[in-house]
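Trainee: Below is a structure I'd like to ask you about.
Coordinate-derived values only; no laboratory data. Just so it is clear, the model here is predicted, and its values are computed rather than measured. Glycine also receives a Cβ, built like all others from the backbone with ideal geometry; neighbour counts cover every protein chain displayed.
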Amino acid sequence: MPQFKFNTISRTDIENSLAGAQMIYAIDYDGPEKLLVTGCARSGKTTVSLMRAGSV
C-alpha cells in the first residue's frame, strides 16, 4: 500500500507571502488566551492550524 506524505509550505514561504507576518504570529502564538483562527477562503487557516499542531 502506498504511503501518504503530506506536504505544507515552508516557513520561509509563509514569511514571504502577502499575510505572512500575521500567519507567523498565529503559528507562534503561545499566549494565555486561546486562539481562534478565522478568515476567508485561501487565507491560510488550514496552514496555520497544521503548523500549530505540528509544533505541539
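Trainee: Does MET51 satisfy being outside any loop (DSSP other than H, G, I, E, B), in contact with a Gly (Cβ under 7 Å, 6 or more places away or on another chain) and not acidic (Asp, Glu)?
Mentor: Working: outside any loop (DSSP other than H, G, I, E, B): yes; in contact with a Gly (Cβ under 7 Å, 6 or more places away or on another chain): no; not acidic (Asp, Glu): yes.
Here the answer is no, as MET51 does not meet what is asked.
Trainee: Sticking with this structure for a sec: Please find, within the stretch 17-48, the residue that is nearest to LYS5 (Cα to Cα) out of those that are assigned to a loop (DSSP other than H, G, I, E, B) and of a type in the set (Asp, Glu). Working first, answer last.
Mentor: At the first step, the residues of the stretch 17-48 found to be assigned to a loop (DSSP other than H, G, I, E, B) are 17-19, 29-44.
So of that shortlist, the ones also of a type in the set (Asp, Glu) come out as 30, 33.
Working: ASP30: 28, GLU33: 33 Å.
Top of the filtered list is ASP30.
Trainee: Taking the condition of being loosely packed, with under 11 Cβ neighbours inside 10 Å and within 14 Å of SER55 (Cβ to Cβ), how many residues in the stretch 29-44 meet it?
Mentor: So the first thing to find is which residues in the stretch 29-44 are loosely packed, with under 11 Cβ neighbours inside 10 Å, and the list is 30-34, 36, 38, 40-42.
From the residues that got through so far, the ones that are within 14 Å of SER55 (Cβ to Cβ) too are 30.
The total comes to 1.
Trainee: Which one is nearest to the chain's Cα centre (by Cα) among residues in the stretch 16-28 that are of a type in the set (S, T, N, Q) and surrounded by 14 or more Cβ atoms within 10 Å (Cβ to Cβ)? Quick ask: steps written out before the conclusion?
Mentor: Start the filter on the stretch 16-28 by keeping residues that are of a type in the set (S, T, N, Q), which leaves 16-17, 22.
This time we only want the ones that are surrounded by 14 or more Cβ atoms within 10 Å (Cβ to Cβ), so: 17, 22.
On the way: SER17: 12, GLN22: 10 Å.
Looking at the filtered set, the residue picked out is GLN22.
Trainee: Separate question: Could you tell me whether the stretch 2-15 includes any residue that is part of a helix (DSSP H, G or I), surrounded by 12 or more Cβ atoms within 10 Å (Cβ to Cβ) and within 11 Å of the chain's Cα centre (by Cα)?
Mentor: Initially, the stretch 2-15 is screened for residues part of a helix (DSSP H, G or I), giving 11-15.
Next cut, surrounded by 12 or more Cβ atoms within 10 Å (Cβ to Cβ) only: 11, 14.
Subsequent filtering for residues that are within 11 Å of the chain's Cα centre (by Cα) retains 11, 14.
Yes: the stretch 2-15 contains one or more residues that are part of a helix (DSSP H, G or I), surrounded by 12 or more Cβ atoms within 10 Å (Cβ to Cβ) and within 11 Å of the chain's Cα centre (by Cα).
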